[in-house]
Structure formats: structure tokens, C-alpha cells
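Novice: This is the structure, below, for whatever I ask next.
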Amino acid sequence: MTAPPPTSSRGSGTKYCDHAAVGVLISSPDGLLVFEHARPPAGIAPVAGHVDQHGGPEQAARIEVAEEVGLTVTSLHLLLTAWRPNHCRRPTSDRVGHQWWIYRAQTSGPIRPSAQEVRAPRWLHQDQLQQYAHRTAAYAEGQLSEEQFTANPGLEPVWVRFLHELQLVTLPDDILSLIDKVL
């Protein structure tokens, strides 16, 4: 992988997309920790963020967990890596998409969600994740408008295929392909 571009322009404070992202699955007997984003993109998702200048994906995963939900990572296990052509709210001068590293984390401490990044944190069991995946599928199929999906989101589209590959949700290939089109 090539070195990421600077994450901000000189003096402007604008962060640019580095095309590198991490996602972190945190589980408990209550399910998988997810939340709605306080900023776009719309959707319910686990902890995620750009690698930026965090020293690499593993360090970025630890930092994102601390920043978004206030937990301390005690161990990380890499589950998968993949390129996904998902759009970014950050400006970019070249391609669209991110190289993703998806981890499972063990954590300690109380959940302290970031008011700037997190809305409605909750634990979801696999059947609940599946319901949210179906809502995302309905959005991709045109049964829900962007406004309806934003007001009452399903899973963030980029997460559906990851969760499918990890066997946490199940959707047919044709529906996964439709969801890929709304990334």
C-alpha cells in the first residue's frame, strides 16, 4: 500500500480521506455493540474510522474504540481485510473507497459514547442485526427514500457485506450487489 496522503491541508484543518479504514466488532452476552452515526453516512454500525496518522490499522482500531465509545481495547484479532468502494464524507482528490481492516476486540471499562460521533449506542443480537440488514436491503431496492433511511436507518451499507462475510447476517448475492451500489 502506498503512503496515505496528508490528513489535513496546511493550516485549513480539513481532513482528507486516506483511503484506509478500520472497523471494530465488540461483543458481549448482550450482542454486538453498534450505534447510529452523529454525522453521515447514515446507518447503524460498529466502531469505525480512518487509519489517518495513527501508526497503522491496529493502533487506529484502539484509538477509534476509545474515541467513539470510551472503552479500552485489551486484545484485538484481525478478522478480515478488504477493499470497499464506499464514499467518504472527507474530500478526496483521486479514487473512491477504502482499504478496510475489520477486528474483533476485547475491551474493558464502561461505555462512554462520544456526543460528537455516536447516537443511540446499543447491543444487538444476530436476529436484530438481520432485521437492520433487511432495512438496508429495502433502501438499496428503492423501497425507502434516502430521507426515510436517514430518519430510521438500517445497517450502514458498507457494513452489510462485512457482516455477511462474518456470518452475522445473511442476504442473497443479488441483494448484496444492490447494496454495493449505494455505498
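Novice: So for the range 16-117, what percent of the C-alpha to C-alpha distances run longer than 17 Å?
Specialist: Values: 2607 of 5151 pairs.
Percent of Cα pairs beyond 17 Å in the range 16-117: 51.
Novice: Something else now. Of the beta bridges DSSP finds with both residues in the chain, what % are antiparallel, to the nearest 5? Walk me through the numbers before you get to the answer.
Specialist: Details: 25 of 33 bridges.
Percentage antiparallel, nearest 5: 75.
Novice: Continuing with this model, one more query. With a 1.4 Å probe and all protein chains kept in place, how do Lys181, Lys15 rank by accessible area, largest first? Mind dumping the intermediate values first?
Specialist: On the way: Lys181 165, Lys15 105 Å².
From most accessible down to least: Lys181, Lys15.
Novice: Taking only C-alpha pairs under 8 Å that are 6+ residues apart, what is the relative contact order of the chain in percent? Could the numbers behind the result be given before it?
Specialist: Details: 351 pairs, mean separation 43.0, N = 183.
Result for the chain is 23 percent.
Novice: Let me ask something else about it. So how far apart, in nm, are the two label points at His77 and Gln143 if each is 7 Å from Cα heading toward Cβ?
Specialist: Simple spin-label model gives 3.4 nm for this pair.
Novice: So, one more: Taking 8 Å as the Cα distance limit and 6 or more residues as the minimum spacing, I'd like the relative contact order of the range 42-148 as a percentage. Don't skip to the end; give the middle numbers.
Specialist: Working: 112 pairs, mean separation 23.8, N = 107.
For the range 42-148, the relative contact order is 22 percent.
Novice: Can you give me the C-alpha center-to-center distance between the range 139-171 and the range 39-57, rounded to a whole angstrom?
Specialist: Cα centroid of the range 139-171 versus Cα centroid of the range 39-57: 17 Å apart.
Novice: May I pose another question? Compute the FRET efficiency between Glu117 and Asp174 as 1/(1 + (r/R0)^6), taking r as their Cβ-Cβ distance and R0 = 35 Å, and round to the nearest 0.05. Walk me through the numbers on the way to the answer.
Specialist: Values: r = 33 Å, r/R0 = 0.95.
It comes to 0.60.
Novice: Could you report the accessible area of Thr74 in Å², rounded to 10, computed with a 1.4 Å probe on the protein chains as they sit in the structure?
Specialist: Roughly 80 Å² of Thr74 is accessible to a 1.4 Å probe.
Novice: Something else about it: Quantify, in whole percent, the carbon and sulfur part of the accessible surface of the chain (1.4 Å probe; protein heavy atoms only).
Specialist: Details: 4580 of 9240 Å².
Accessible surface attributable to carbon and sulfur in the chain totals 50 percent.
Novice: Report the convex hull volume per residue for the chain, counting only C-alpha atoms, in Å³. Present the calculation step by step, with values, prior to reporting the outcome.
Specialist: Values: hull volume 22.6 nm³, N = 183.
Expressed per residue, the convex hull around the Cα atoms of the chain is 124 Å³.
The values are calculated or read from the model by the stated rules, or taken from the named source; none is laboratory data. The structure presented is a predicted model; accordingly, all values stated were derived computationally and were not measured. Every residue, glycine as well, gets a Cβ built from its backbone with ideal geometry; the counts of neighbours run over all protein chains shown. Surface areas here come from the heavy atoms of the whole protein model, side chains and all, with no ligands, DNA or RNA. Shrake-Rupley method; radii C 1.70, N 1.55, O 1.52, S 1.80 Å.
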